[in-house]
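Peer 1: Got a structure for you, questions after.
The values are calculated or read from the model by the stated rules, or taken from the named source; none is laboratory data. Please read these numbers as outputs of a predicted model, since none were measured by experiment. Positions of Cβ are generated from backbone atoms using ideal geometry, with glycine treated the same way; all protein chains shown enter the neighbour counts. Note: areas computed on protein heavy atoms with side chains; ligands, DNA, RNA excluded. Shrake-Rupley method; radii C 1.70, N 1.55, O 1.52, S 1.80 Å.
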Number of protein chains: 2
Amino acid sequence: MIETPYLLFLGDAPDMLAAKVAIGIRDWRPDNAVGQIRLPGCGADLGLTDMTLAEAKAAGAKTVVIGVANRGGVISAAWKEVLIEALSMGFDLASGLHNLLRDEGDLVAAAQTHGATLHDVRVPTVWYPIANGKKRSGKRCLAVGTDCSVGKMYTALSMDAEMRERGMKSSFRATGQTGILITGSGVPLDAVIADFMAGSVEYLTPDNDDDHWDHIEGQGSLFHVSYSGVTMALIHGGQPDALILAHEPTRTHMRGLPDYGLPSLEQLRDTALPLARVANPACQVAGVSVNTQHLGEDEARSYLAEVEKRMGLPATDPYRFGAGGLVDALAAL
Amino acid sequence: MIETPYLLFLGDAPDMLAAKVAIGIRDWRPDNAVGQIRLPGCGADLGLTDMTLAEAKAAGAKTVVIGVANRGGVISAAWKEVLIEALSMGFDLASGLHNLLRDEGDLVAAAQTHGATLHDVRVPTVWYPIANGKKRSGKRCLAVGTDCSVGKMYTALSMDAEMRERGMKSSFRATGQTGILITGSGVPLDAVIADFMAGSVEYLTPDNDDDHWDHIEGQGSLFHVSYSGVTMALIHGGQPDALILAHEPTRTHMRGLPDYGLPSLEQLRDTALPLARVANPACQVAGVSVNTQHLGEDEARSYLAEVEKRMGLPATDPYRFGAGGLVDALAAL
């Protein structure tokens, strides 16, 4: 559990593309961010208040979150200076970088001296159990994709936000480093040891109120040969009551696999649903989430109408047009 | 790669049940075992020549393999004495115990002093790549089970043995600690980090002669919610040309999961084959392997006849009745 609220460290990020994590926090958990801190030459701007460490401290920030990718795979001296000062002021640090904070001797020393915590969210810190498959109370929803990176995290975040706006009981359950930094907790599933994957998802989504929904962040795809095992563990560990089919219609081949075409939404449905019913016989496919970022508005709307008709399911781009239809479908289950 | 041949260390094993690894080596790679070494009170006997360390050295043994489970989760002082002496004589040590050799300071010190290697086969020693899904040359066969522990390893070992007896090109590819100790190499798949599972299977089964068969050791089951992700990674990383359906007909529920019934062979076929065809569109289900250890001979034969008729596939217990029918089916593909 990472202590909130955060000060978002943008470092010397060349542009907004490098600030994906910080953007996610601003968009989905704005209350978690008191402000941003930038170094000279920073080309990213979240539109939040620029703060010094002292100002952020006064505003109540507990953790400095590295909200950007670093350059060249090293944590630079310019970053170090600010990060060590933050530790000396009692901030914790949180990062999803491949280079771990814990591998930097000066950061470790400063954290120890000042009693601060270094959170490397790519690395599991829990000994997860082996999955036991026992039925848990509460409801769970999982987005499964025709491919990787088709918008499963944004689908889950949108549905969670819509439910909370309606006063429904809902939690987003993060399974990747961006999601973990956005919400402050979760399971870095792609770094979990094989035998404990499904157990880590059970751990992430425990018993809950009967009318509470967990929106579990999806990973990979059953049709992506590099990561399908991770997806499988999410389907069985998550024992979802509802699946959302996620798709990006302009993709011509599976991400990173030029020889692999994408499955149809029908194939995805017919593959994922029987597998999900092994763990939860009541599971239903509740809707379709389409990432329409590469389509114009008219094109997007007519594509969604066609999918709704063809699949007999509500279809939307929840980030663009809202998640209302998907939440209605879950509420009606 | 563990250097062969082995001296099989049986320690003070109370009975043959504790000597599963040693039995596997004796049965499947008898040329790998020059003899056995036992401590006072040992109740296991493989029927191999009892040897001192010096005799085994003279007979050419390179590695002392711990072929038994230890008692109470500790490596006892009585074991240590022999193991340290073995290291001092230049033997390597290999073990699949949960307690790692490398965690025992006196073994590490002796190995360093004498230039010997400690092999803990439960722990990956390779940085496996992410799977790339590229089509590889050569043929691959994978057994998939209705449940865990239904005889997938013995199926693969039997088919490999039958092929080599016929002069066909064949390799057994181990994915668990027993299989790795039997053959001296492999991937401890259940201990691999999630993102690299399928890549480790690609690594294990590289390009080969067009008429060469890899028999990949199966793990878990698509229907076992604790381990299905590992099975999925085997199906996609292994890109099998042939699947063998493996089943144990007397089991009343999934292993360790009292609330989960077993799928039928038809369900297993209809689930596994479409998933396998994602990675290898030419994949076929070639036969059924039934573990009949809890059936009398007549009962076993009539069960197999019924399965053959129902599934339209050769069905056998390869350990009991031979793997000929399954190998015929692969040769005919």
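Peer 1: Mind listing the label-point distances from residue B:109 to the same position on all other copies, shortest first, one decimal in nm, points 7 Å along Cα→Cβ?
Peer 2: 3.1
Peer 1: Keeping the other protein chains in place, figure out the carbon and sulfur percent of the accessible area of the protein assembly as shown, with a 1.4 Å probe. All intermediate terms of the calculation are to be shown ahead of the outcome.
Peer 2: Values: 13170 of 26000 Å².
Within the protein assembly as shown, the accessible surface is 51 percent carbon and sulfur.
Peer 1: Hey, another quick one. Mind checking the mean number of beta-carbon atoms from other chains within 10 Å of the Cβ atoms in A:250-256?
Peer 2: On the way: counts 0, 0, 0, 0, 2, 0, 4.
For peptide A:250-256, the averaged partner shielding equals 1.
Peer 1: Follow-up. Could you tell me how far the Cα centroid of region B:1-80 sits from the Cα centroid of region A:149-204, in Å?
Peer 2: Comparing the Cα centres of region A:149-204 and region B:1-80, I get a distance of 47 Å.
Peer 1: Shape verdict for region B:1-99, please, from the Cα gyration tensor: rounded (a/c under 1.5), prolate (a/b greater than b/c) or oblate.
Peer 2: Judged from the Cα gyration tensor, region B:1-99 comes out rounded (a/c under 1.5).
Peer 1: At the nearest 100 Å², what buried accessible area, both sides summed, do you get for A and B when the probe is 1.4 Å?
Peer 2: In total, chains A and B hide about 2600 Å² from solvent.
Peer 1: Now for a different question. Top to bottom by accessible area (1.4 Å), largest first, where do A:197, A:168 land?
Peer 2: Highest to lowest solvent-accessible surface, that is A:168, A:197.
Peer 1: Measuring label to label, 7 Å along Cα→Cβ, what does residue B:126 give against each other copy in nm, shortest first?
Peer 2: Between copies, matching label points for residue B:126 lie 3.2 nm apart.
Peer 1: What ranking do A:137-150, A:56-69 get when scored by the average of other Cβ atoms within 10 Å per residue, highest first?
Peer 2: Going from most to least packed, we get A:137-150, A:56-69.
Peer 1: Helix A:297-311 sits at what angle to the longest principal axis of chain A, using alpha carbons and giving 0 to 90 degrees rounded to 10?
Peer 2: 50 degrees
Peer 1: Can you list, shortest first in nanometers, how far residue B:203 lies from the same residue in the other copies, with each label 7 Å from Cα toward Cβ?
Peer 2: Counterpart label points of residue B:203 in the remaining copies fall at 2.3 nm.
Peer 1: Tell me which residues come under 5 Å, amide H to amide H, from residue A:214 once H is placed; ignore anything under 5 positions away on its chain.
Peer 2: A:139, A:140, A:141, A:171
Peer 1: When you look at the Cβ of every residue in B:186-195, what mean number of other chain Cβ atoms sits within 10 Å?
Peer 2: 5
Peer 1: Taking the Cα centre of region A:6-120 as origin and charging only Cβ (+1 Lys, Arg; -1 Asp, Glu), how large is the dipole, in debye to the nearest 20?
Peer 2: Roughly 160 debye, rounded to the nearest 20.
Peer 1: Here's something else I'd like to know. For residue B:152, go through the lysines and keep the ones whose alpha-carbon is under 27 Å away, minus same-chain ones fewer than eight residues off.
Peer 2: A:134, B:20, B:134, B:135, B:139, B:169, B:309
Peer 1: Would you work out which of B:23, B:112, B:87 lies farthest towards the positive end of the dipole of region B:6-120? Charges go on Cβ: Lys and Arg +1, Asp and Glu -1.
Peer 2: Most positive-ward Cα: B:23.
Peer 1: Additional query: Would you mind computing, in nm to one decimal, how far apart the modelled labels at residue B:102 and residue B:169 are, each placed 7 Å from Cα along Cα→Cβ?
Peer 2: The answer from the label model is 3.4 nm.
Peer 1: Give the aspartates and glutamates whose C-alpha is closer than 16 Å to that of residue B:80, dropping any in the same chain fewer than 8 places away, or say none.
Peer 2: B:12, B:92, B:103, B:104, B:106, B:120
Peer 1: Then there's this: Let me have the relative contact order for region A:139-332, percent, based on Cα pairs under 8 Å that are six or more residues apart.
Peer 2: Averaging sequence separation for qualifying contacts and normalising by length gives 27 percent for region A:139-332.
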